Amino acid sequence: MAGPLSGLTIVELAGIGPGPMCSMMLGDMGADVIRVDRTKSHVMDRLADPKYAVHNRSRRSVLGRPADQGRRRRRAAPDREGRRHYRALPPRRRRAAGLGPDVCLGRNPKLVYGRMTGWGQEGPLAKAAGHDINYIALTGALHAIGVKDKPTPPLNLVGDFGGGGMLLAFGMVCGLLEAQRSARAR
């Protein structure tokens, strides 16, 4: 598809929620998105009817296996851009598999490496699990959802998709622009 991101390749490690939404947005704008799927399906994948999985549009898919680590690392070759979201693979395992930011950016300093963290990489909540309801509760947005006498659990559209997915996509595009201007992405 033609678009402002045509000519860019995004490598996504399969995930759920805001990560796939970000990849869908980048793909909708013309980027060539390649998702590395899990070898075992995630519970969320099994609950969703594929015909309603709109976040899977604008990308092609390859199956990821541990033996494919070299191929995934080669995808980060010069002239490639990469994005990953893979909650099931903790940072130390990504590093061990050669998929951490230091390894990938060492191979290609202009690579844009995006990742989702619930509360950022530093600070008091950095190691805590983060979920949509936590984010919108702390911002006060949860207070405005539902009626006074009957709490209404919100959909994950505000914090996860609107906050996480949109901000990741914005950060990725900002990183791509910086990589074009300088010798390395930031």
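To keep it simple, each residue is scored yes or no on (1) at pLDDT 85 or above; (2) assigned to a helix (DSSP H, G or I); (3) surrounded by fewer than 19 Cβ atoms within 10 Å (Cβ to Cβ).
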| residue | (1), (2), (3) |
| --- | --- |
| VAL11 | yes, no, no |
| GLY15 | no, no, no |
| SER58 | yes, no, no |
| PRO78 | no, no, yes |
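Checked against the criterion of being open to solvent by 60 Å² or more (accessible area, probe 1.4 Å), within 25 Å of MET24 (Cβ to Cβ), modelled with pLDDT of 80 or more and not β-branched (Val, Ile, Thr), the candidates LEU111, LEU155 yield just one match: LEU155.
The values are calculated or read from the model by the stated rules, or taken from the named source; none is laboratory data. Worth saying up front: this structure is predicted, and the values here are computed from it rather than measured. Neighbour counts are summed over all protein chains in view; Cβ atoms, including those assigned to glycine, are modelled from backbone coordinates with ideal geometry. Side chains included, ligands, DNA and RNA excluded: accessible areas come from the protein's heavy atoms. Shrake-Rupley method; radii C 1.70, N 1.55, O 1.52, S 1.80 Å.
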